[in-house]
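The values are calculated or read from the model by the stated rules, or taken from the named source; none is laboratory data. Quantities reported herein were computed from a predicted structural model and do not represent experimental measurements. Note that each Cβ is placed from the backbone with ideal geometry, even for glycine, and that neighbours are counted across all protein chains shown.
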Amino acid sequence: MMTPISNDALALPERHLFLSPHYDDIALSCGGTAARLRQLGRTPEVAIIFGSEPEAELGFTPFAAAMHAGWRMDASEVIARRRAEEAVAAQVLGTDVSFLPFHDAIYRGDRYLNDPELFGDIHVDEAGLPEGIISALDLRGAGTPSVRIYVPLAIGRHVDHQIAFHAGVALQANGWSVWFYEDLPYALKPGLRTERIAGAGIGLEIGALVAVDGTWDAKIDAVMSYPSQLATIFSYVGSGSSRAEVEALLRGYAEEAGNGAAVERFWTGAAREPAFVRGHLTDFNIAPRLL
């Protein structure tokens, strides 16, 4: 059994950048790690990738409208309220938050109109998005050991998570230090993590376990900072969304990963040239769809 990483090794890079497809992903998946880095004197940075204001004048698809209804929000207030929730979580975890200029999948026209599409293959005309993310982060060129980047594994295959994952693969191929985190709540579904690890195509292996007992309360406080999302998030795994239910579910997962001690688990992969750079979309897990 791997032992948790030491404080010195965890905090060794000067900069820690967490790529978050959406507003709640870091709190759910690795909030304990972010809070621990803050305790160790680092300033964890969270880049929200797909959180820009939708172009309301273009209208919303029925799928997007249904999502708004599930969140009990009017379309005009979604981004403002979600950013307000993120600000509360950031205060709890001690993160600095920035926002990249990309729209959530449900706002990218008619590419993703239902759950099977949202959790399916990336639309063929979005092959350039991973490189666009890297450009927006100003992380082009060779990596440096003074920076560690935390990227979702894309467990559950949400297209926005897949795109972020491929950005991480590209960064790793260019020499950046990349730790892939287990996306929650998706990893709570039996078998999904194992399936994703086997199918990711980059030879993933456990890179680090981060002990989070000392920052557990902060993690749960941060997760509970997203009241608009809690029912949707935890109904995915058939759970209620009270604090007690959320904590029990996440604690069980963390202790299973740590053999009885609460940890957050990160993976590393063998560096390779990502398929989208080579231009072979079939290797990039993108299937063409009619526009």
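In region 25-48 there is at least one residue that is hydrophobic (A, V, I, L, M, F, W, C), in contact with a His (Cβ under 6 Å, 6 or more places away or on another chain) and surrounded by 16 or more Cβ atoms within 10 Å (Cβ to Cβ). Please go through region 123-158 and pick out each residue that is touching a Gly at 6+ places or on another chain (Cβ under 7 Å) and in a helix (DSSP H, G or I). None; the set is empty.
Before we move on, is W179 aromatic (F, W, Y) and touching a Phe, Trp or Tyr at 6+ places or on another chain (Cβ under 6 Å)?
Yes.
Scanning region 131-148 finds one or more residues that are in contact with an Asp or Glu (Cβ under 7 Å, 6 or more places away or on another chain) and touching a residue at least 60 places away in the same chain (Cβ under 8 Å).
For region 1-37, the tally of residues that are over 24 Å from P185 (Cβ atoms) and in a helix (DSSP H, G or I) stands at 5. Of the residues making up region 188-213, those that are in a helix (DSSP H, G or I), in contact with a helix residue (DSSP H, G or I) (Cβ under 7 Å, 6 or more places away or on another chain) and of a type outside the set (D, E, K, R) number 2.
Would region 100-122 turn up any residue that is in a strand (DSSP E or B) and either of a type outside the set (S, T, N, Q) or modelled with pLDDT of 95 or more (or both)? Within region 100-122, one or more residues are in a strand (DSSP E or B) and either of a type outside the set (S, T, N, Q) or modelled with pLDDT of 95 or more (or both). The number of residues in region 159-187 being of a type outside the set (A, V, I, L, M, F, W, C), outside any helix (DSSP H, G or I) and modelled with pLDDT of 95 or more comes to 5.
Looking only at region 45-52, decide whether some residue is in a helix (DSSP H, G or I), in contact with a Ser or Thr (Cβ under 7 Å, 6 or more places away or on another chain) and small (G, A, S). No: zero hits.
For region 140-164, the set of residues classified as hydrophobic (A, V, I, L, M, F, W, C) and either surrounded by fewer than 16 Cβ atoms within 10 Å (Cβ to Cβ) or out of contact with any Phe, Trp or Tyr (no Cβ under 7 Å at 6 or more places or on another chain) (or both) consists of A142, I163, A164, listed by residue number.
Here's the yes/no breakdown for (1) of a type in the set (D, E); (2) closer than 25 Å to F266 by Cα:
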| residue | (1), (2) |
| --- | --- |
| E77 | yes, no |
| Y107 | no, no |
| F119 | no, yes |
| I122 | no, yes |
| A136 | no, yes |
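Residue check: G70 meets all listed conditions (1) surrounded by fewer than 16 Cβ atoms within 10 Å (Cβ to Cβ); (2) out of contact with any helix residue (DSSP H, G or I) (no Cβ under 7 Å at 6 or more places or on another chain); (3) part of a helix (DSSP H, G or I) but one, namely (2). Return the pair list, or none, for Cβ contacts closer than 8 Å from residues in region 245-268 that are more than 16 Å from Y150 (Cβ to Cβ) and free of Cβ contacts under 8 Å to residues at least 60 places away in the same chain to residues that are in a loop (DSSP other than H, G, I, E, B) and polar (S, T, N, Q), at least 6 apart or on different chains. Close Cβ pairs (under 8 Å, with a partner that is in a loop (DSSP other than H, G, I, E, B) and polar (S, T, N, Q)) amount to E245/S239; V246/S239.
Looking at region 57-67, which of the residues that are of a type in the set (A, V, I, L, M, F, W, C) and under 11 Å from N114 (Cα atoms) is surrounded by the fewest Cβ atoms within 10 Å (Cβ to Cβ)? Applying the filter and picking the extreme gives A66. Of all residues assigned to region 180-201, at least one qualifies as being buried (at least 17 other Cβ atoms within 10 Å of the Cβ), at negative phi and of a type in the set (S, T, Y). For S76, the criteria (1) in a helix (DSSP H, G or I); (2) modelled with pLDDT of 95 or more; (3) among the polar types (S, T, N, Q) hold in every case but one, which is (2).
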